[in-house]
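The values are calculated or read from the model by the stated rules, or taken from the named source; none is laboratory data. As the structure is a computational prediction, the values presented were derived from the model and not from experiment. Neighbour counts are summed over all protein chains in view; Cβ atoms, including those assigned to glycine, are modelled from backbone coordinates with ideal geometry.
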Amino acid sequence: MTSQTIPVEPFDFIVFGGTGDLSERKLLPSLYHRQVAGQFSEPTRIIGASRGKLTDEEFREFAHKALKDHVKADELDHKQVAVFLERLSYVTVDATSGDGFARLKKAVGASERVRVFYMAVAPQLFGDISVHLREHQLVTPNSRIVVEKPIGRDLASAHELNDVIGHNFKEQQIFRIDHYLGKETVQNLMALRFGNALYEPLWNSALIDHVQITVAETVGLEDRVTYYDKAGALRDMVQNHMLQLLCLVAMEPPSSMDADAVRDEKLKVLRSLKRVNGQEAPKHTVRGQYRAGASATGPVKGYLEELGNNSSRTETFVAIKAEVENWRWAGVPFYLRTGKRLASRVSEIVIEFKQIPHNIFGESAGNISANQLVIRLQPNEGVKQYIMIKDPGPGGMRLRPTSLDVSFAEALPGRNPDAYERLIMDVVRGNQTLFMRRDEVEAAWQWIDPIQRAWEDNRQDAQGYTAGTWGPSAAIALIERDGRTWHESV
Ligand code: BG6
C-alpha cells in the first residue's frame, strides 16, 4: 500500500517525552518515513524535550538507534538518515517545575510556522505542560497539542483533564489521538460503507442480525505493569479503540469528511449506547484474567505472576453485548471482545446478515449459513464476503459457503504506512477528522463508567482463562445464549 504524498509547509515538532518509548518506537520512525516520502519542506525541525540532561548530539544518537531498531534495514538510506538527524535538537525541561521552558522558547524562536506539541508523556503531566506552554507564550495561533490516551480514567478525571488542556488550547488545536483511526483498514471501513452504493441499503436492523468486533492480542503485559494494572482492558481498549470501531460501523453517513461532520455522527452513536446497569452487568459483560498457558513460542506466565502481585483483580479480557438504541440498530446486538494472551492476534469486524426468509432447496441442500461480511483490520488486512454457492458436481442441489476475498496486501502491494504517519501529518495539516473531540471522549466514559462501577459494586471478578485460548468460557456463553457464535478467525 502506498500513501499519496502531499507536501506540507515547514513545521516544528516538539516531542515531550522525546527519549521515551513512544518517541522511539513510533514517532521518530514515522517522521523519518514521511521525510523519505518527500512530505517535508525545509526547514522542518524536530525538538526532543524531556527531563534527562542530553546534548543535541546524544539525542541524535538516541534517534539514530531508534531508526535502526524500528525501521526495516532496506528502508534506511544513510543520506536520508543524515538529513533526518540534522533536523533534531534537544532541550531539557521539567514538566512539573517549569524549568527549561524558557530554553524551549528560545530554541523554537519566534516563527509563525505550525508548531506541534506532542505529549508522549504520562497523562498526569498534560495539564502542567500545557500551562507552562501558555505561560511562556509558546502557544501561537498555529500551535497544536497532541494528547495520547488514556484521557482520564473515568468521566470526572477526563473532564478535569480536558478542562486544563482546554484552558490553554482551543478545541481546534487539540488532537486527541486514537491510533486505531490512523490504521488504513479502519479508514477503509468508511470507504467501504460510503464509497459503495452496495452496502448502505443493507446496513440496518432489517437485514443485519448482529455485529461482532474482536481485537485479540497474543502479547501479555509487556513492560507496562504500572499503567496496565491500574487501567485494565475496559479502559485500555474498550473506552477508545473498540468504541471508535463500533462508531464507524454504526454511524449515519456524515454529510462530508469534514471533522465535525464525522465526529457529530460518532457522538450520536455513543449517546445511543444503552447503559449497562448494575443488574445487567453480569449478563451483558464478561471480565477475564489470563492464567499461565502457552503462546506460539512456548509456555507463558499468568497475569498475576507477570505482575508479581497475587491480589490484582484487573481484567485482561472483556466481552460485552452492547446495544445501540436508535432506529437503524434497534434489536441488533454488537458483541465486543478484546483481550491479551489470546489464541491469535487478530482484529476484525464481522457483520452477520439475517438468514434467508425461506429455503427453496429443502433439507438435502444442507445448512444455509447467513451471509457475513468480515472486515479484517490486522493482520492479513482485507475484506471477505461470505456467500452460499452450489457445491459443484451432479447429485442434486447442495449448497456450501465460500468467500469473495479481497486481500489488501495483494490488491495494493507496497509499503503499508504506520497509523502514526498518517495521524502526525494530519496534525500538521490541522485536519481533525481522525481525532476525538472532547464530547466524544466524555460520551465514551459515560457509557464505560457504569460498567466499571457495576463490576466494583457487584464484585464481579475477572474469570481465569488459560493463556493462548479465546478467553473465559463465559465469553462464549455470552453470545451462544443468544443462539449465535463467535466468528472463527482463519
Ligand atoms: C494500545 C493499548 O492503545 O493499543 C495496548 O494501550 C494495545 O494495550 C495496543 O496492545 C494495540 O494496538 P495495535 O495497533 O497493536 O493493535
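Just to be sure, is THR338 of a type in the set (S, T, N, Q), within 15 Å of the ligand (Cβ to nearest atom), outside any loop (DSSP other than H, G, I, E, B) and within 25 Å of GLU456 (Cβ to Cβ)? Yes: the conditions hold for THR338.
In this entry, VAL219 passes the filter for residues that are assigned to a loop (DSSP other than H, G, I, E, B), of a type in the set (Val, Ile, Thr), in contact (Cβ under 8 Å) with a residue 24 or more places away in the chain and within 13 Å of the ligand (Cβ to nearest atom). Exactly one residue among GLY430, GLY471 is under 22 Å from the mean Cα position of the chain (by Cα) and within 26 Å of GLN39 (Cβ to Cβ), and that residue is GLY430.
Against the criterion of being closer than 30 Å to ILE151 by Cβ and within 16 Å of the ligand (Cβ to nearest atom), PRO417 qualifies. Considering only residues that are more than 26 Å from ILE451 (Cα to Cα) and touching a strand residue (DSSP E or B) at 6+ places or on another chain (Cβ under 9 Å), look in the range 285-300 and name the one that is surrounded by the most Cβ atoms within 10 Å (Cβ to Cβ). Residue satisfying both the conditions and the ranking: VAL300. One residue stands out in the range 158-195 among those that are closer than 23 Å to ALA419 by Cβ and surrounded by fewer than 15 Cβ atoms within 10 Å (Cβ to Cβ): the one that is modelled with the lowest pLDDT, namely ALA191. All conditions in (1) of a type in the set (A, V, I, L, M, F, W, C); (2) touching a strand residue (DSSP E or B) at 6+ places or on another chain (Cβ under 6 Å); (3) surrounded by 19 or more Cβ atoms within 10 Å (Cβ to Cβ) hold for ALA444, with the sole exception of (2).
The single residue among ASP229, ASP258, ASP178 that is within 16 Å of the ligand (Cβ to nearest atom) and more than 25 Å from PHE334 (Cα to Cα) turns out to be ASP229. Sort out which residues of the range 163-203 are in contact with a helix residue (DSSP H, G or I) (Cβ under 9 Å, 6 or more places away or on another chain), closer than 19 Å to GLU381 by Cβ and of a type in the set (S, T, N, Q), and write them in order of number. Passing the criteria: THR185, GLN187, ASN188. For LEU404, state whether it is hydrophobic (A, V, I, L, M, F, W, C), surrounded by fewer than 19 Cβ atoms within 10 Å (Cβ to Cβ) and touching a helix residue (DSSP H, G or I) at 6+ places or on another chain (Cβ under 7 Å). Spelling it out, it is not the case that LEU404 is hydrophobic (A, V, I, L, M, F, W, C), surrounded by fewer than 19 Cβ atoms within 10 Å (Cβ to Cβ) and touching a helix residue (DSSP H, G or I) at 6+ places or on another chain (Cβ under 7 Å). Note on the range 399-490: enclosed helices (runs of 4 or more DSSP H) holding 2 or more residues that are among the β-branched types (Val, Ile, Thr) are 419-429, 438-458, 473-480. Only one of the numbered conditions (1) buried (at least 22 other Cβ atoms within 10 Å of the Cβ); (2) modelled with pLDDT of 95 or more; (3) assigned to a loop (DSSP other than H, G, I, E, B) is not met by SER205, and that is (1).
Taking GLU160 as the residue in question, decide whether it is more than 16 Å from the ligand (Cβ to nearest atom), at negative phi and not aliphatic (A, V, I, L, M). Yes, satisfied. VAL139: assigned to a loop (DSSP other than H, G, I, E, B), hydrophobic (A, V, I, L, M, F, W, C), within 17 Å of the chain's Cα centre (by Cα) and surrounded by fewer than 22 Cβ atoms within 10 Å (Cβ to Cβ), yes or no? When the stated conditions are applied, VAL139 does not pass them. A count restricted to the range 310-335 and to residues that are closer than 11 Å to HIS210 by Cα and either within 16 Å of the ligand (Cβ to nearest atom) or not in a strand (DSSP E or B) (or both) stands at 4.
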